[in-house]
Every structure is written in C-alpha cells, then in structure tokens.
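Notes to accompany the following structure.
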Amino acid sequence: MSSLWNTMTMPFMQRALLEAILVGALAGIVGVHVVLRQLPFFSLTIAHGTFPGVVLAEIAGISLFLGGVGAAVVITIVVFAAGRDRRFDTSVVTGIALSATFALGVLLLSTRDGSAKNLSAFLVGSILTVDRSDVWVTAIVGIGILGVLGALHKEFVFGAFDPGGAKAAGYPRRLDLLLMLLVAMTVVVSLPVVGTILAVTLIAVPALTARLWADRIATTALLAAIFGAGAGVVGLTASAQWNVAAGGAIAVAATGFFGISLLIAPHRTT
C-alpha cells in the first residue's frame, strides 16, 4: 500500500490522474448527447479516423494533437455532408469513413521507420506521459465544449428527441454539425487517456451507466461525469498497483461500473 501511495504522489502520476479526471468527466457529459442521438458508431469512426492525421503530424514534425484535430474535423464534415444526401445511409458513410481513414493511417505509418512506438500510444493511450501542456489543453478544450453544450442545451436536446419538430421550428442543420464537432473534439482529447481503440468506451459507457440511475438529462449528465471521472481514478490506480495498461484499465473500470449498475440500479431511463 505504501508503494502505491508513493507512486500516486509522483508528479507524473498526479498529472495523469488530473488528466484522467478531466477527460472522464468531459467524456461522460458529452456521452449523454452521443447516447441520445445514437452516435457511438460515429464516435468510433472519429477515434479511428484521427490516426492518419496523427501520422501526418508526426511526419511533418508538428503537434500530434493538432493533427488529430484536423483529421477529426475533416471526417466530421464529410460524414455530415454525405449524410444529407438521400442516396446514402449515414451509417454506411460512417462505416466507409472508419475503414478508409484507419487504413490510410496504417499505410502512412508503414512508410515511416522507428515511429511505431511513438504512434502506437495513440491506439491504446499513453496517459502516463502527459505533461502540463496536455492537461491545460484538455482543460481549455473541455471548458469550451461544456460552454457550448450549456448555451445550446435546449436546442441539442430538442433535436435529439424530436428531429422533425426541430426542423419545423427552424433550427438549422448546422446545430447537428456543431454537436458532431463537439463530439469529435472530445474524442481527440480522450486519445492520450484511452487511445483510438477505446475512446468510444469512455464516451458512451459512463453515459449509459448514468441512464440506469437517472430520469432527467441534467442529473444524467452529472452522474455520467462522476462515472467517467471515477473510471479514470480507479483505472489509473489499478494500473499503478498491478502494472497493467492504464488505458485498458480505465476502459475496464468504466465497463465495471456499468455492469454493477445494471445489477443494482433502478433501471430508469432518460
């Protein structure tokens, strides 16, 4: 126990813990909208689709975060635009984007020597390597995302429950694009914690868990933030205690909260 305490008080671990709490809480809140609009598959696509952007950023010698953001924005706009074409089903377009962009990332990665170790961290996360700038980026991006969600809460919820009514009321389709971009940004800031493969778990699972305990949107969002942050704390602690992958441990912790809640929660739905 003393060894675990010593590890958890180290500066790099404290930064990782703060990052896990910030990302977990943000992902949980945004995940409520992802679940309401049935966007987990889109979130998975964004998570995998950032990979070529990260590889290109590494090749160009610029911030991997900026590369991920650029790729996420492009993919989001393409999926949104293609989804408006009645000839295409949105889920089909999303699936094509997922496979094509990830394949492109693997292709680009194969042209590089000695970069696999650095970039593989984006597949499963590398939270123990975050620095102060990463934490600041997460905090600033998170505040911006939560600010937009708060300002447009009524519009986003209305559009989720009654898309036809929102259209008839004159709500622009750009609101749907804006929400998708917020989800994309959340996915990108989640990458250092759980990587591209597990990002959708941290976004969707805490929100699903919260829905088992609450029947109001605001309460669900609060609980989702708590479950997301709690998964970060529990997973990171387990990683330090048993020397297992932090990203995987956080994802397993989130899933564990869901499993326990499934057994004991009152099963209310939003």
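The values are calculated or read from the model by the stated rules, or taken from the named source; none is laboratory data. Not measured: the values here are computed from a predicted model. Ideal geometry is used to build each Cβ from the backbone, glycine not excepted, and the neighbour counts take in all protein chains shown. Areas reflect the complete protein model, heavy atoms only, side chains present, ligands, DNA and RNA absent. Shrake-Rupley method; radii C 1.70, N 1.55, O 1.52, S 1.80 Å.
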Expressed in angstrom and rounded, the centroid-to-centroid distance over alpha carbons for region 165-193 and region 203-270 is 23
Quick one: with all protein chains in place, what share of the accessible area of the chain is carbon or sulfur, to the nearest percent (1.4 Å probe)? 68
HN-Hα J in Hz across region 4-17 - Karplus 6.51, -1.76, 1.60, θ = phi - 60°, x for Gly and Pro: 5, 4, 4, 5, 5, 8, 5, x, 5, 6, 5, 5, 4, 5
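Where the only charges are on Cβ atoms (+1 Lys, Arg; -1 Asp, Glu), what is the dipole of the chain about its Cα centre, to the nearest 20 debye?
The dipole magnitude comes to about 460 debye.
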In order through region 101-108: 3J(HN,Hα) via Karplus (6.51 cos²θ - 1.76 cosθ + 1.60), integer Hz, x for Gly, Pro: 5, 5, 4, 4, x, 5, 4, 5
Starting from 0.36 nm per residue, how many nanometres of slack lie between residue 264 and residue 99 once their C-alpha separation is accounted for? 55.6 nm
Can you give the percent of C-alpha pairs in the chain whose distance is more than 22 Å? 55
Per residue accessible area of the chain, 1.4 Å probe, in Å²: 48
Estimated vicinal HN-Hα couplings, Hz - region 194-200 in sequence order (Karplus 6.51, -1.76, 1.60; Gly, Pro = x): 10, x, 5, 6, 10, 4, 5
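How large is the helix-only mean residue ellipticity at 222 nm for the chain, computed as the sum of -39500 (n - 2.57) over DSSP H runs with n ≥ 4, divided by its residue count, in deg cm²/dmol to the nearest 500? Present the calculation step by step, with values, prior to reporting the outcome.
Numbers: 12 runs with 222 residues, N = 270.
The per-residue figure over the chain is -28000 deg cm²/dmol.
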Could you order the peptides 186-198, 136-148 from most to least packed, using the average number of other C-beta atoms within 10 Å per residue? 186-198, 136-148
Using the Cα gyration tensor of region 167-235, with a ≥ b ≥ c the square roots of its eigenvalues, what is the shape: rounded (a/c below 1.5), prolate (a/b larger than b/c) or oblate (neither)? oblate
